[in-house]
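Here's the structure we're looking at; comments come further down.
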């Protein structure tokens, strides 16, 4: 449909096809001749503006010399089959367009590394905390829109209840624990929830104490997603006031991985972090 935004899966499929073609040293024109179409069609497929049939996909994979890896071929075929499926948040329209990709990444990742400099990570927020974040001035959101967004934020947390939940590593600052978002009672409940979630087998929470001083995370928060599917590269996500910035180049991913590892090295251990959460909770 004209004007329809490509799904995350279609864009990932397109990116992999470009990668395979370039690795094989083939041009878009050669790819077009291989499957008997105009070069414009290859351009549209590689820009995620047009889907690709499974027959064309398998032919291009053979042409690019990657058909010997059956697991990879199967992954690409599955990606193509699902490339037209929108995520749940797109179906119900509960988030800004640039944030729907983030939710899809969150739902399909097997490893999530999140650094938060001033807020509790979204996957670990309580409804009252999330509501306070979304409604803080100069928010222009109406009551119904805020409630819908709170609902979507809580729904995202269902990934933690799956039989195969992703591994979640969250690094928070002590300042984020002490910032009274929503008031004292809301923060008490939030800290209680954070402590409870930190004891889940798939969740690890570490706190950077104020005494740590200057560190690599002073430039801001970010989330780093890794996926079980070998066709998916790691993605770095940085949220801003009106949307989300995505970074997928090797240099960007490696830089943020280095930053995250540096932050983990100065953060308290999970056990000591739980003690600090309890201390801050007591102060409230």
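Placing dummy labels 7 Å off each Cα toward the beta-carbon, the span from residue 202 to residue 50 is 4.0 nm. Among beta bridges from DSSP that stay inside the chain, the antiparallel ones total about 50%.
Hey, quick one: spin label on residue 178, modelled 7 Å out along Cα-Cβ, who in the range 194-219 has an amide N within reach, i.e. under 20 Å? Answer for the range 194-219: 194-195, 206-219. Shape of the range 128-267 from the C-alpha gyration tensor: rounded (a/c under 1.5, with a ≥ b ≥ c the square roots of its eigenvalues). Estimated from the Cβ-Cβ distance and a Förster radius of 22 angstrom, the FRET efficiency linking residue 11 and residue 70 is about 0.35. Looking at the range 8-81, the pairs of alpha carbons with a distance over 18 Å make up 28% of the total. In the chain, the longest principal axis of the Cα atoms and the axis of helix 270-283 are about 50 degrees apart. Convex hull volume of the Cα atoms of the range 170-209, normalised per residue: 57 Å³. Along the Cα-to-Cβ line of residue 39, 7 Å from the Cα, sits a label point; which residues in the range 10-28 have backbone N less than 17 Å from it? Zone members listed by number: 18, 21-22, 25-28.
Note on residue 118 and residue 264: the extension gain reaches 50.9 nm, defined as 0.36 nm multiplied by sequence separation minus the Cα-Cα distance. Taking the longest Cα principal axis of the chain as reference, the axis of helix 70-81 is set at about 80 degrees. Ordering 18, 205 from the fewest to the most neighbouring beta carbons within 10 Å gives 18, 205.
Which angle from 0 to 90°, rounded to the nearest 10, does the C-alpha axis of helix 54-63 make with the longest principal axis of the chain? Tilt relative to the chain: about 80 degrees.
In deg cm²/dmol and to the nearest 500, what is the mean residue ellipticity at 222 nm of the chain if only DSSP H runs of at least 4 residues count, each as -39500 (n - 2.57), divided by the residue total? Display every interim value, and only then the final one.
On the way: 13 runs with 146 residues, N = 284.
Here the helix-only value at 222 nm equals -15500 deg cm²/dmol.
For a modelled paramagnetic label at residue 210, 7 Å from Cα along Cα-to-Cβ, no residue of the range 238-263 is in reach, as no backbone nitrogen comes under 16 Å.
Throughout, read-outs are computed from the coordinates displayed, never taken from laboratory work. No experiment lies behind these values; they were computed from the predicted model shown. Cβ: placed from backbone, ideal geometry, glycine included. Neighbour counts: every protein chain shown.
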